[in-house]
Amino acid sequence: MLKLEDKDVQFLNSMNVARLATIDNERNAPHVVPIIYAFDNKNSKFYLTTFKGTKKLRNMQQNKSISIVVDEYSKSAKKGIMFRGRAEVINPNTNEFRHAVKLLTDKLAYYKKNPISPDKSEVISIALISNSKWELPPD
C-alpha cells in the first residue's frame, strides 16, 4: 500500500477535480477525463463514481490500469501529483461501498444534491501503486 506524506494528503483533500486516464483498447490510445473524487488516506485509495455504460467504465473493466493527476496552477502554486493504480468496481452490498459513498458525500456538495444510486452509477475504487510529484516556485 502506497503511503503519502501529510502535506500530499492535505493537498489531495483540498482539491476536488482530477484527471483520470484509462486505456482505450479499441483505439489503442489513452482516454482522459476530469473527475470529482474523494481520497481515503487510511486505505491509499481514490473513490469516484461514473454512470453505467460510460467510456471510462468500459475501459476500466477491460484494463484496470489507470493514471490520475491532481494538480494546481495559479500565481501562488504550480504543483501536482500523478498516480498509477488499479481500478475496481465496488459491489454495492459491501462496507467499502458505504464507506466510499460517505466519503464522497461528505466531501462533495454535488452528491448531497444528487445522491449516489447503484441503479444509475458505479462506485469505483482506485488502489494506488506508485506516484510522482512536482512543484515549481510561485510567480
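Each value in this text was obtained by applying a stated rule to the coordinates, not by laboratory testing. Keep in mind that what you see is a predicted model, and the values were worked out from it rather than measured. Here the Cβ is made from the backbone with ideal geometry for all residues, glycine too, and neighbour counts use every protein chain on show.
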Identity of the residue in segment 15-31, among the hydrophobic types (A, V, I, L, M, F, W, C) and under 12 Å from the mean Cα position of the chain (by Cα), that ends up surrounded by the fewest Cβ atoms within 10 Å (Cβ to Cβ) | V17
Output the residues belonging to segment 44-62 that are more than 23 Å from N114 (Cβ to Cβ) and surrounded by 15 or more Cβ atoms within 10 Å (Cβ to Cβ).
-> S44, N59
Of the residues A21, A87, A109, which is aliphatic (A, V, I, L, M) and more than 16 Å from I129 (Cα to Cα)?
-> A109
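Checking the conditions here, which among L2, L12, L20 is farther than 25 Å from S121 by Cα and in contact with a strand residue (DSSP E or B) (Cβ under 6 Å, 6 or more places away or on another chain)?
Within the list L2, L12, L20, the selection yields L2.
Which residue is farthest from the chain's Cα centre (by Cα), if the candidates are limited to segment 79-109 and must be of a type in the set (S, T, N, Q) and over 15 Å from N16 (Cα atoms)?
Filtering segment 79-109 down to residues of a type in the set (S, T, N, Q) leaves 91, 93-95, 105.
If we keep only those that are over 15 Å from N16 (Cα atoms) too, we end up with 91, 93-95.
Numbers: N91: 17, N93: 21, T94: 19, N95: 19 Å.
Filtering segment 79-109 for residues that are of a type in the set (S, T, N, Q) and over 15 Å from N16 (Cα atoms), the one farthest from the chain's Cα centre (by Cα) comes out as N93.
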Matching residues in segment 1-14 (surrounded by 15 or more Cβ atoms within 10 Å (Cβ to Cβ) and part of a loop (DSSP other than H, G, I, E, B)) number 1
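If a residue must be in contact with an Asp or Glu (Cβ under 9 Å, 6 or more places away or on another chain) and more than 17 Å from S132 (Cβ to Cβ), how many such residues does segment 2-14 contain? Lay out the reasoning, then the answer.
Filtering segment 2-14 for residues in contact with an Asp or Glu (Cβ under 9 Å, 6 or more places away or on another chain) gives 11, 14.
When the remaining residues are screened for being more than 17 Å from S132 (Cβ to Cβ), the result is 14.
So the answer is 1.
Restrict the check to segment 81-89 and report whether at least one residue is under 26 Å from H31 (Cα atoms) and without any contact (Cβ under 8 Å) to a residue 40 or more places away in the chain.
Yes, segment 81-89 contains a residue that is under 26 Å from H31 (Cα atoms) and without any contact (Cβ under 8 Å) to a residue 40 or more places away in the chain.
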